[in-house]
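> One structure, as structure tokens, below. Some questions next.
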Amino acid sequence: MRAEEVLDGTMAAIRPPVGWSYGNPSDTACSTGLNEPTGTTTVFRSRKIDTVVSGQRRDELLKQVREYWEQRGARDFTVDSGEGMPRIRARTADGFAVILQVGSIGNVFIEAGISCVEDSEMTYPRDTPGVPGSSVKPEGLPRKYSAHWSETAPH
């Protein structure tokens, strides 16, 4: 799936590397605006960064991800520099939305998806946390530490 390729490439571009896990995939039925189904679905895949990224390192992480997306032809960037919860959104050349967002407790998520595509069965990577039948329980907080990303003061 193209969203998985976008996410895998994004995670591989972060230097030094961070620990990550699969986020919960999501799918939402599209409607006409009058709650009438259109037979299409919005589908997103995500990655959750398990490495603690300190507030002082967040801008660096956002910059690296944005530069990677720009190098791959992403456009239409919107940046929300909201204190404590920044977010970047863009669109890839082939129409996928890509999003990096920081949650209220400092957890970082990267998503890729496409809106209102023809319905198809949702597939999940093996042992995706939170998916029925998975043996892996989702964790809400990043718990891995990095000498670089988790550091509280930049060099």
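The values are calculated or read from the model by the stated rules, or taken from the named source; none is laboratory data. If you're wondering where the values come from, they're calculated on a predicted model, not measured in any experiment. Glycine gets a Cβ as well: all are built from the backbone with ideal geometry, and neighbour counts include every protein chain shown. These accessible areas exclude ligands, DNA and RNA; they are computed on the full protein's heavy atoms, side chains included. Shrake-Rupley method; radii C 1.70, N 1.55, O 1.52, S 1.80 Å.
> By how many nm would the segment from Val79 to Leu34 grow when fully extended, if each residue of separation counts as 0.36 nm and the alpha-carbon distance is taken off?
Net length gain for the segment: 13.1 nm.
> Given a 1.4 Å probe and heavy atoms of the protein chains only, how would you sort Met1, Met85, Met11, largest accessible area at the top? If you can, show how the numbers build up before the last one.
Numbers: Met1 120, Met85 100, Met11 10 Å².
Largest accessible area first, the list is Met1, Met85, Met11.
> Okay, next question. First measure r as the distance between the Cβ atoms of Asn24 and Ala147, then evaluate 1/(1 + (r/R0)^6) with R0 = 25 Å and state the FRET efficiency to the nearest 0.05.
Working: r = 29 Å, r/R0 = 1.17.
That gives a FRET efficiency of 0.30.
> Counting alpha carbon pairs within less than 8 Å and at least 6 residues apart, what relative contact order, in whole percent, applies to the chain?
28
> Ok, one more. What does the extension gain come out to for Gln64 and Ser135, with contour length at 0.36 nm per residue minus their alpha carbon separation? Walk me through the numbers on the way to the answer.
On the way: separation 71, 0.36 × 71 = 25.56 nm, distance 3.30 nm.
Taking 0.36 nm per residue and subtracting the Cα distance, the gain is 22.3 nm.
> Using only Cα atoms and rounding to the nearest 10 degrees, what angle (0 to 90) does helix 58-71 make with the longest principal axis of the chain?
50
> Please work out which option in (i) 0.98; (ii) 1.07; (iii) 1.03 gives Rg/Rh (Cα atoms, Kirkwood Rh) calculated from these coordinates, and answer with its label.
(i)
> Report, in degrees rounded to the nearest 10, the 0 to 90 angle that the Cα long axis of helix 2-13 makes with the longest principal axis of the chain.
Helix 2-13 sits roughly 0 degrees off the main axis of the chain.
> Please list 13-19, 106-112, 86-92, 64-70 highest first by mean number of surrounding beta-carbon atoms within 10 Å per residue.
Details: 13-19: 14.6, 106-112: 20.7, 86-92: 18.1, 64-70: 16.4.
Output ranking for 13-19, 106-112, 86-92, 64-70: 106-112, 86-92, 64-70, 13-19.
> Can you give the FRET efficiency to the nearest 0.05 for Arg72 and Val117, using r as the Cβ-Cβ distance and R₀ = 22 Å?
Using R0 = 22 Å, I get an efficiency of 0.60.
> Another one. Roughly how many whole Å is it from the C-alpha centroid of the range 93-116 to that of the range 40-59?
7
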